[in-house]
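These notes are about the structure you will find just below.
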Amino acid sequence: MRRSTRLFEIIQILRAAGAPVTAEELAAQLEVSVRTVYRDIAELQAQRTPIEGEAGIGYLMRRGYDLPPLNFDAEEVEALWVGLSLLARTGDSHLQRAANRICQKIEALHCPADWLHVAPWGAPVDDPAKGCIPVASFREAIRAEQKIRITYENGDGDRTERVVRPVALIYHTECTMLAGWCELRDGFRHFRTDRIWASEYVGQSFSGQARSLRELWQERNSAQILAGRCDPSTLAGIR
């Protein structure tokens, strides 16, 4: 997370909080160190953001400080609530945490729609403690247009190492698929992210190629994939 984004998130967290928030709580939500939070708070206070409090006690946003409101009607709020709740079914833990932060912002400006519930069953959460590669790392590689080296296990349990130019993520109900140009097979392939056992940058960018690759992939594949006519397990088995 860039520092400017982190500073904005601190403001949003404190605005939504009804009680002082400790630096430890902020650090846990932002996934940074407590020392980083102290520096960020000091920077915001230097910019005359009305944050009150101190280390060991907690921080609170002075009443009256606000940002332009989100102008959503009741049905739009409900649509956002359901849509954000559905992210829990993707297995993408970073998107889930982002969705929770957005819900807090909506609650701070509108009546909560917590009477709307979405069943959480779907793809398993990408928990690194269980050996899963965070889906967020693939989103970062796509944005950065960086090649990645992955260790992939197909449906038969065979593992291969591949260098991939990632171009898209497809969120199915039961799994998430990474689409990319596979240099081993010299063509587009689709990989279930829960079968990717290792992933790392290879230090090679494909900047300037990403858009044309994505357009070519969409032309060849997305109509069927996004319409749900392709079985993810079949796609995952393509070698």
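Rule-based calculations on the coordinates, nothing more; no lab input. Please read these numbers as outputs of a predicted model, since none were measured by experiment. Cβ sites come from the backbone with ideal geometry, for glycine too, and all protein chains shown count toward neighbours.
Let me check I've understood the local charge: for THR90, count other residues with C-beta under 11 angstrom from its C-beta, Lys and Arg +1, Asp and Glu -1. What total comes out? Could the numbers behind the result be given before it?
Numbers: positive: ARG89; negative: ASP92, ASP126, GLU174.
Local charge sum for THR90: -2.
Once you have a ≥ b ≥ c as the square roots of the Cα gyration tensor eigenvalues for region 1-64, tell me rounded if a/c is under 1.5, and otherwise prolate or oblate according to whether a/b is larger than b/c. Before the final figure, lay out the partial values.
On the way: a/c = 1.37, a/b = 1.17, b/c = 1.16.
Rounded, because the longest to shortest axis ratio a/c is under 1.5.
Quick one: which of 11-23, 149-161 comes out on top by average Cβ neighbours within 10 Å, and what's the full order, highest first? Show your work: numbers first, answer last.
On the way: 11-23: 16.3, 149-161: 13.7.
Highest mean packing first, the order is 11-23, 149-161.
As an exercise, use a Förster radius of 35 Å and the Cβ-Cβ distance of ARG15 and ALA129 to find the FRET efficiency, rounded to the nearest 0.05.
Numbers: r = 32 Å, r/R0 = 0.91.
Taking R0 as 35 Å, the efficiency between ARG15 and ALA129 is 0.65.
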